[in-house]
Amino acid sequence: MKIKIFEFNPIAVNTYVLYDKTGECVIVDPACFYPFEQEALTKFINDKKLVVKHVLNTHLHFDHVFGANFVEEQFGEKIQAHKADEFLLESMNEQLAMFGFTPNGNLVPSLGKYIDENDTIEFGTQKLSILHIPGHSPGSIVFHNEEEKAAISGDVLFNGSIGRTDLPQGNHEQLIEGIKAKLLTLPADTVVYPGHGPATNIKGEIRTNPFLQ
């Protein structure tokens, strides 16, 4: 599996395109906001001749869905996410205003499919399992490719940090418990690709993450 990383919008969200030699791909957290970001994402997918099979969201905070409607228009796939985060779409204009953005109903996407921990996402020869780890948001999920030893963690776990828990329905204790039970038990060399900032690995977070000691 190959992973292309884009950093999009004023909140610096990592959007991931996961693909393999079959030419099938998934987009995780479509966060493109500016026209040049939309163009960069489209150009990469078209240049690689990729076929978008799924558009997946680790959670539904506004900054991670900025590009959802654009991606649906371009590739015909609605976002898939955990049902527990759907309320965030309903309050997206309030989220935008809270963070200094102009409310814009055109940015609010609709969910195409609920996904949860018992589901497996397949594309090409790849399989992604789902780990439901609430705390940053009630529907936060991590996409784990066991064979490739890769986890797309959204805002659950960062390089040296964890997701904030002071937003609506956040829960610090729940987040820490979930990380320790479901992420830190993965193989130590599993690479973690977070929703913001640089990648890390499980071994490094066990040893040095101050929130997990």
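The values are calculated or read from the model by the stated rules, or taken from the named source; none is laboratory data. Everything numeric here is computed off the predicted structure, so don't read it as measured data. Using ideal geometry, Cβ is built from the backbone for each residue, glycine included, and neighbour counts are taken over all protein chains shown. Each accessible area value is taken on the protein alone, full model and side chains, heavy atoms only, with ligands, DNA and RNA left out. Shrake-Rupley method; radii C 1.70, N 1.55, O 1.52, S 1.80 Å.
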Options Glu173, Glu205, Glu147; residue that is under 20 Å from Tyr16 (Cβ atoms) and open to solvent by 50 Å² or more (accessible area, probe 1.4 Å): Glu147
Among (1) without any contact (Cβ under 8 Å) to a residue 24 or more places away in the chain; (2) touching an Asp or Glu at 6+ places or on another chain (Cβ under 7 Å); (3) not aromatic (Phe, Trp, Tyr) - the single one His82 does not satisfy: (1)
Residue in segment 150-170 that is surrounded by the fewest Cβ atoms within 10 Å (Cβ to Cβ), counting only those that are out of contact with any Gly (no Cβ under 7 Å at 6 or more places or on another chain) and among the β-branched types (Val, Ile, Thr): Ile162
For Glu86: the one exception among (1) in a helix (DSSP H, G or I); (2) surrounded by 23 or more Cβ atoms within 10 Å (Cβ to Cβ); (3) within 15 Å of the chain's Cα centre (by Cα): (2)
Hey, Glu94 over 17 Å from Pro168 (Cβ atoms) and either open to solvent by 10 Å² or more (accessible area, probe 1.4 Å) or at pLDDT 95 or above (or both) or not: no
Matching residues, segment 69-83, being of a type in the set (A, V, I, L, M) and under 12 Å from the mean Cα position of the chain (by Cα): Ile79, Ala81
Options Phe44, Phe36, Phe6, Phe70; residue that is free of Cβ contacts under 8 Å to residues at least 24 places away in the same chain and hydrophobic (A, V, I, L, M, F, W, C): Phe36
Residue within segment 101-114 that is of a type in the set (Phe, Trp, Tyr), surrounded by fewer than 20 Cβ atoms within 10 Å (Cβ to Cβ) and assigned to a loop (DSSP other than H, G, I, E, B) present: yes
Selection count, segment 72-86, where residues are touching a Ser or Thr at 6+ places or on another chain (Cβ under 9 Å) and under 24 Å from Ile133 (Cβ atoms): 6
Filter result for the condition that a residue is part of a helix (DSSP H, G or I), open to solvent by less than 10 Å² (accessible area, probe 1.4 Å) and within 19 Å of Ile121 (Cβ to Cβ), over Val71, Val55, Val26: Val71
